[in-house]
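The values are calculated or read from the model by the stated rules, or taken from the named source; none is laboratory data. Predicted model only: the values in this text are computed from it and were never measured. Cβ: placed from backbone, ideal geometry, glycine included. Neighbour counts: every protein chain shown.
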Amino acid sequence: MKKETTSKKSRTDWKRVNSMTDRDIDISDSPELTHRMFARAIVSRGLKAVPRKTQLTLRIDQDVLQWSRKRGRGYQTKSMRYCVRTWKRINDDRRKAQKSKAIEVKKRSAQIDSLRCLAA
């Protein structure tokens, strides 16, 4: 059985549209394009779409689930985003602290080595 189309035939004069030049197009009602708009633009010609999200099954404690549900509609997404971002921020802070500690240790050992050279 063939599906009937619900759309009507286009009333656009495509010959006229195709023959128009850029100067013939009226853009007076379009907003002015800013550098910010171009910075946020996404070029997708010839590129494959990047999957934005991946499905994940996660087991969490009952009290955490109850807390999450109290947040209302969309609690799964909001709670997961909150938890993961918090975890990421904490771990990033730890890495930065560890890195700065390692740099301090290297500086101190270099100072000690230079003092040993002076004492010898």
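Taken over region 71-120, the criterion of being more than 30 Å from ILE60 (Cβ to Cβ) and either modelled with pLDDT of 80 or more or outside any helix (DSSP H, G or I) (or both) is satisfied by ALA120 alone. When the residues of region 14-65 are filtered to those that are part of a loop (DSSP other than H, G, I, E, B), farther than 30 Å from ARG81 by Cα and aliphatic (A, V, I, L, M), the one that is modelled with the highest pLDDT is MET20.
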